[in-house]
Amino acid sequence: MTGIINKSFKKAGMPPGSIIYTGDKTNEEISISLIEYNNEDYFVKEMEKPEDIPDLDDHNKVYWLNIVGLSKTDIIEGTGNRFGIHPLILEDIVNVNQRPKLENQGKYIYIVCHLFSYEKKVVSEQLSIILGKNYVITFLESTDTVFEPIKDRLINNKGQIRKKGLLLTRIQLMSNLYIN
């Protein structure tokens, strides 16, 4: 219990919307990858900063922006600015002790939940998802192996995921969290 209390002190006295990372994984490298796909094409672009993210205005494609690593809050804030994500949502993304919830923000839906795995002990990791009109943004603290089955289906054009577009991608993302 004291670990959660100590992590909360990082935010003590800060105004609402302050983007302060509350986790322990401060040495993690951040990775930003943009997956673009439709029925015919699949591309992955690796980026270093939010300014490198291109406009996601081709409505014939689905865009999945996967950000792994939350300790560099300037990257999270820049991504939030790029997509018009509310500062309180950005605060929740980097607060790894956030309770699971779903919020409809009008232009996007925000979902936060926890993934559990067993690595000699039970390990919890927070996953935040932003669902927009033709894009999905996922934020993970340190690993993204949970998405390997989805990425495999996209790369190899298995099943219906590339044919059905964003709706099926959203369903795949959510069902994968509960199945694995």
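Numbers below:
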read-out	value
Condition check for Val146: open to solvent by 20 Å² or more (accessible area, probe 1.4 Å), of a type in the set (A, V, I, L, M), more than 16 Å from Gly23 (Cα to Cα) and without any contact (Cβ under 8 Å) to a residue 60 or more places away in the chain	yes
Any chance Ile89 is of a type in the set (A, V, I, L, M) and either over 14 Å from the mean Cα position of the chain (by Cα) or crowded, with 20+ Cβ neighbours inside 10 Å (or both)	no
Selected residue (criterion: nearest to Glu29 (Cα to Cα)) from residues of segment 74-86 that are within 12 Å of the chain's Cα centre (by Cα) and among the β-branched types (Val, Ile, Thr)	Ile76
In segment 133-143, residue modelled with the lowest pLDDT [restricted to those that are over 17 Å from His59 (Cβ atoms) and open to solvent by 20 Å² or more (accessible area, probe 1.4 Å)]	Thr143
Test for Gln172: is it surrounded by 14 or more Cβ atoms within 10 Å (Cβ to Cβ) and at pLDDT 80 or above	no
Failed criterion for Arg99 (all others in (1) touching a residue at least 40 places away in the same chain (Cβ under 8 Å); (2) farther than 21 Å from Tyr63 by Cα; (3) not in a strand (DSSP E or B) hold)	(1)
Flag for Val44 being in a strand (DSSP E or B) and of a type in the set (Val, Ile, Thr)	yes
Candidate set from segment 102-132 (those that are surrounded by 12 or more Cβ atoms within 10 Å (Cβ to Cβ) and not in a strand (DSSP E or B)); member that is modelled with the lowest pLDDT	Gly132
Test set (1) under 24 Å from Lys158 (Cβ atoms); (2) open to solvent by 40 Å² or more (accessible area, probe 1.4 Å) - Val68 fails condition number	(2)
Extreme residue, modelled with the lowest pLDDT, among residues of segment 5-60 that are under 26 Å from Asn97 (Cα atoms) and loosely packed, with under 10 Cβ neighbours inside 10 Å	Ile5
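The values are calculated or read from the model by the stated rules, or taken from the named source; none is laboratory data. Predicted model, so just to flag it, every value in this text is computed and none were measured. For neighbour counting, all protein chains shown are included, and Cβ atoms are generated from backbone atoms with ideal geometry for every residue, glycine included. Quick note on the areas: whole protein, heavy atoms, side chains included, nothing else; ligands and nucleic acids left out. Shrake-Rupley method; radii C 1.70, N 1.55, O 1.52, S 1.80 Å.
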